[in-house]
Amino acid sequence: IVLEAERQVATDQAAQAARCALALRSLARGRAMAIAMGRAASSRKLPEEDVIDRASRLISQIAPGADGLPPIALDEVSAGLLDARFDVVETEAHLVLHGERALMQGARTLLGRPTSCVGRDWELGALTGILDECIDEPEARVVVMTAAAGMGKSRLATELVGRAQQRGVAIWLGRGDSLRAGSTLDLLAQALRGALGIAGGEPLAERHARLRARVAEHVPAAERKRVTEFLGELIGAPLSGEGEASAALRAARQDAQLMSEQMLKAWMDFLSAETSAHPVLLVLEDLHWGDFGTVRFIDTALRDRGERPWMVLALARPELFEVFPKLWAERQNVQEIRLKELGRKAGERLVRQVLGDGVGGETLDHLVKQADGNAFYLEELIRAAAEGKDRTLPETVLAMVETRLARLEIEARRVLRAAAVFGEVCWDGGVAALLGNTMSAVTVGEWLARLVEQEVLAERPDGRHAGQRELAFRHSLLREGAYATLTPDDRRLGHRLAGEWAGIRRARRAITCAHRSRRFTSSTSMPRWPAPTSAWAARRRPSSGSRCSACAVWPRPRACT
Ligand SMILES: Nc1ncnc2c1ncn2[C@@H]1O[C@H](COP(=O)(O)OP(=O)(O)O)[C@@H](O)[C@H]1O
Ligand SMILES: [Mg+2]
């Protein structure tokens with residue numbers, strides 16, 4: 001099975017592949033499975049042979065699982081991209097996926113060791129303080145924490161959950177999923193199933209029995225039947241026999257509006273009952289894939305159950321507010337935390353924790369700088385450094401960077417790939433030269449300006465080439481990510497053209513100098529622009545009238561039109 005996902009974050013792709021394999025396990029009739037991840041040229045349907053070979057090798061080598069279930073082997077890339085909720089066991093020869101846990105079980109280990117949380121004292125202090133206030137007052141509180149993938153949102157939630165559990169707080173967890181994004185009340189249903197001790201795979205009768213028993217614990221007797229019936233509808237454990245159903249349930253089943261109102265009431269009553277017995281921390285992971293139903297039910301509970309000890313910790317990527325622009329905007333008790341990058345010192349602490357105090361200053365510096373404050377990148381870079389590969393970018397990080405690049409417009413990516421050929425620094429004329437007839441120099445300039453706006457590139461004053469705008473990648477990871485998406489042919493060609501362009505610039509500089517010293521007399525001796533034999537140019541439709549940036553200052557060469 002090939003899963004293809006151009007714009008998805010690599011960790012999400014890995015999670016999806018893992019879930020797919022786990023779901024197929026019951027159908028596999030004992031046959032082994034393997035997950036391998038890699039890149040493919042967008043023009044090809046299948047990934048590189050290398051990925052397929054890796055997967056076949058894993059399948060042929062893995063031994064049958066002791067529990068009778070077919071084993072699922074992981075290659076290093078997919079294992080590196082899976083987070084702590086996946087139960088991955090490292091045997092002597094293999095990495096094996098055992099399952100997915102409902103609740104976060106601590107953090108991912110790094111080189112077999114757990115790491116302590118670094119550089120998040122303020123955030124953790126703020127979260128703990130809010131939870132304390134919510135319990136002591138008591139009052140409902142909400143924290144919405146946003147940051148890009150890998151920045152450490154889930155890790156902070158895990159740390160808070162640990163502290164909350166010590167205070168006797170019940171943890172309810174709902175997790176957004178890209179495949180189920182937007183399905184009605186999905187997140188809340190997950191959280192409630194967890195609270196009710198229902199895993200989801202049980203037979204209906206058992207699910208219902210658990211629901212009934214749990215509701216009976218704290219919900220007043222007079223409300224129990226109604227709350228059980230409508231919570232059952234909400235969480236996917238409906239009462240089956242029509243005969244047993246109350247008139248209210250039968251009526252609601254005929255009327256979606258009525259059903260929604262009754263489910264809302266049941267949720268609020270259950271929340272009241274539970275919070276009268278103990279505080280509740282509701283963690284909503286990846287809320288950017290959440291649903292309006294969950295957001296609305298929580299909103300109503302914040303309004304009408306605001307004096308209860310319950311806290312919502314919603315974690316999401318920054319696009320959350322594109323999906324829910326007015327998220328709980330009318331409620332007073334909502335705080336937003338934008339998680340910033342890990343600081344340099346915190347990064348160094350993490351490196352030392354894993355690689356030991358003997359790690360060289362240069363390595364330390366390189367790792368922390370490369371990671372750019374992203375905890376996931378740093379972990380993966382540390383892992384690579386421990387294997388002696390500290391100068392090559394791990395595939396896992398590359399995959400994450402590529403997905404960031406994949407969000408840019410196709411033209412921006414094309415410009416960035418050409419820019420990456422020059423290294424960390426490029427020039428507008430050089431990029432235009434590489435793109436030949438596929439894009440006019442003016443358009444290249446516009447895209448470069450866009451990339452500066454988007455903080456991918458930064459303009460540098462006093463560039464090396466006179467009359468050329470000099471631009472630097474803001475982060476070397478982005479450059480490496482862009483460069484990695486070039487095919488070997490494009491790379492070869494790109495370097496040749498870049499070399500020619502730079503050679504011409506050098507020659508021109510020499511001529512200009514000579515001219516200034518009055519030794520230069522004729523413009524006919526100026527070097528000529530290379531002909532566009534380039535596949536970069538030839539592969540794409542030539543646009544008539546496109547102009548090489550050099551033309552502005554050079555005699556217009558034949559090749560540039
Ligand atoms: N402050 C931190 N200290 C140590 N490790 C961290 C820290 N923040 C994150 N990590 C680790 O980095 C990886 C990515 O973090 P995670 O919380 O999953 O990111 P996110 O949820 O934002 O995508 C995890 O393995 C996590 O344990
Ligand atoms: Mg996370």
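The values are calculated or read from the model by the stated rules, or taken from the named source; none is laboratory data. Keep in mind that this is a model prediction, so the values were computed, not measured. Cβ sites come from the backbone with ideal geometry, for glycine too, and all protein chains shown count toward neighbours. SASA here: full protein model, heavy atoms, side chains in, ligands and nucleic acids out. Shrake-Rupley method; radii C 1.70, N 1.55, O 1.52, S 1.80 Å.
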**OP:** Kindly provide the trypsin sites (Lys or Arg not before Pro) of segment 250-331 that DSSP labels as loop, not H, G, I, E or B, and whose Cβ sees at most 11 other Cβ atoms within 10 Å.
**Re:** 326
Original post:
Does segment 163-230 come out rounded, prolate or oblate by the C-alpha gyration tensor, with a ≥ b ≥ c the root eigenvalues, rounded set by a/c under 1.5 and, if not, prolate when a/b is larger than b/c and oblate if not?
Top reply: oblate
Original post:
Hey, could you pull the Cα Rg and Dmax for segment 344-403, both in Å?
Top reply: 10.5, 34
Original post:
How far is helix 488-516 tilted off the main Cα axis of the chain, in degrees rounded to 10, range 0 to 90?
Top reply: 50
Subject >> Listed residues 87, 462 arranged by accessible area, highest first, probe 1.4 Å >> reply: 462, 87
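Give the ranking of 369, 340 by solvent-accessible surface, highest area first, calculated with a 1.4 Å probe. Don't skip to the end; give the middle numbers.
Working: 369 155, 340 120 Å².
I get 369, 340, largest accessible area first.
Output the antiparallel fraction of DSSP beta bridges having both residues in the chain, as a percent to the nearest 5. Mind showing how you got there, number by number?
Details: 16 of 41 bridges.
For the chain, the DSSP antiparallel bridge percentage is about 40.
Shape verdict for the chain, please, from the Cα gyration tensor: rounded (a/c under 1.5), prolate (a/b greater than b/c) or oblate. List each step's numbers first, then the result.
On the way: a/c = 2.23, a/b = 2.06, b/c = 1.08.
Prolate, because a/c is 1.5 or more and a/b exceeds b/c.
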Original post:
How far is helix 375-386 tilted off the main Cα axis of the chain, in degrees rounded to 10, range 0 to 90?
Top reply: 70
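Probe radius 1.4 Å, ligands and nucleic acids ignored: give me the carbon and sulfur share of the accessible area of the chain as a rounded percent. Write down the numbers at each step before the final one.
On the way: 13560 of 26900 Å².
It is 50 percent, rounded to a whole number.
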**OP:** Could you pull out every residue, at least 5 positions away or on a different chain, whose amide H is within less than 5 Å of the one on residue 84? Hs are placed 1.01 Å off N in the peptide plane, and Pro or chain starts have none.
**Re:** 108
Subject >> Potential extension, residue 90-residue 137 segment - 0.36 nm per residue separation minus Cα distance >> reply: 12.3 nm
Original post:
Check residue 145: other-chain or 5+ apart residues with amide H under 5 Å from its amide H, H built from backbone geometry?
Top reply: 314, 315, 316, 337
Subject >> Angle between the chain longest axis and helix 204-218 axis [Cα atoms, degrees, rounded to 10] >> reply: 70
**OP:** With a 1.4 Å probe and every protein chain left in place, work out the accessible area per residue of segment 283-353 in Å², rounded to a whole number.
**Re:** 48
Original post:
If you count, for each residue, the other Cβ atoms within 10 Å and average over each peptide, how do 68-81, 10-23 line up from highest to lowest?
Top reply: 68-81, 10-23
Original post:
What is the magnitude of the charge dipole of the chain about its Cα centre, with +1 placed on the Cβ of each Lys and Arg, -1 on the Cβ of each Asp and Glu, and no other charges, expressed in debye to the nearest 20?
Top reply: 2860
**OP:** For segment 159-194 and segment 320-335, compute the distance between their C-alpha centroids and round to whole Å.
**Re:** 18
Original post:
Could you give the nm distance between label points at residue 3 and residue 224, where each point is 7 Å from its Cα heading toward the beta carbon?
Top reply: 4.3
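Might you tell me the accessible area per residue for segment 385-508, computed with a 1.4 Å probe and given in Å²? Display every interim value, and only then the final one.
Values: 5200 Å² over 124 residues.
Heavy-atom SASA per residue in segment 385-508 reads 42 Å².
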**OP:** Could you pull out every residue, at least 5 positions away or on a different chain, whose amide H is within less than 5 Å of the one on residue 457? Hs are placed 1.01 Å off N in the peptide plane, and Pro or chain starts have none.
**Re:** 452, 474
**OP:** Scan segment 184-245 for GluC sites (Glu not before Pro) in coil per DSSP, keeping those whose Cβ has at most 16 other Cβ atoms within 10 Å, and list them by number.
**Re:** 242, 244
**OP:** Starting from the Cα of residue 153, draw a straight line to each of the lysines and keep only those under 23 Å, dropping any in the same chain fewer than 8 residues away.
**Re:** 326, 340, 345, 369
Original post:
Gain in length, residue 116 to residue 98, computed as 0.36 nm per residue apart minus the alpha-carbon separation, to one decimal in nm?
Top reply: 4.0 nm
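Let me have the 222 nm mean residue ellipticity of the chain computed from DSSP H runs of 4+ only, each contributing -39500 (n - 2.57), with the sum over all residues rounded to the nearest 500.
Numbers: 22 runs with 271 residues, N = 561.
Helix contribution divided over all residues of the chain: -15000 deg cm²/dmol.
Normalised by the residues of segment 293-446, what does the relative contact order come to in percent, with Cα pairs under 8 Å and at least six apart?
On the way: 80 pairs, mean separation 17.4, N = 154.
It comes to 11 percent, rounded to a whole number.
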Original post:
Which whole-number percent is the relative contact order of the chain (Cα, under 8 Å, 6+ apart)?
Top reply: 14
